[in-house]
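Below is one structure, written out as structure tokens; comments come after it.
Each reported figure results from applying straightforward, stated rules to the coordinates on display, with no laboratory input. Bear in mind the structure is a predicted one, so any value in this text is a computation, not a measurement. Using ideal geometry, Cβ is built from the backbone for each residue, glycine included, and neighbour counts are taken over all protein chains shown.
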Amino acid sequence: MTQRVGPLLAVAWCVVAPLITAGCARQRSVATTPAAADSTSAHDPVTLRVTNSNWSDVRIYVSRGTMWVRLGTVTTNSTGEFTVPAEFLTYAGTVNLIADPVAGRSVWTSLLPAIQPGDEFELVIENVLQYSHLVVR
């Protein structure tokens, strides 16, 4: 009788083993739609142009939660261009754009709007900081 059980166990193992391993396997998502394939281009870094009309040099930051990234400084009466990191663009709406005058006590801040491919940002920092504005083109 033991001679009959051995082949039956082998056949049972051959049937059950692939089912067990297939249940534990990870499925990979496949981009089947054109929108999914183009999603990487929607999150390419975006250029931010900053025109500083303030009497002080201004430091430019982007922040999300407690993470701040300094983009750079724009001297008075000049224009600078910065690249906003792509990882900040995926969370637009919860990302702040901050202008911090070097010789000032107050900062100007604005939520970064949702970004579409081809959008251009221009931040105009006015002499009176509260009148500064962000333009999306």
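Put a dot 7 Å past the Cα of residue 109, heading toward its Cβ, do the same for residue 67, and the two dots end up 1.7 nm apart.
Near the amide H of residue 72, within less than 5 Å, lie the amide hydrogens of 60, all on another chain or at least 5 residues away, with H placed in the peptide plane. Shape annotation for the stretch 36-136: C-alpha extents along the principal axes are 46, 26, 20 Å, from largest to smallest. Under 5 Å from the amide H of residue 104 lies no amide H of any residue 5 or more positions distant or on a separate chain, with H modelled from the backbone and absent for Pro and chain starts.
Close amide H partners of residue 48, meaning residues 5 or more places away or on another chain with modelled amide H under 5 Å apart, are 82, 83, 84.
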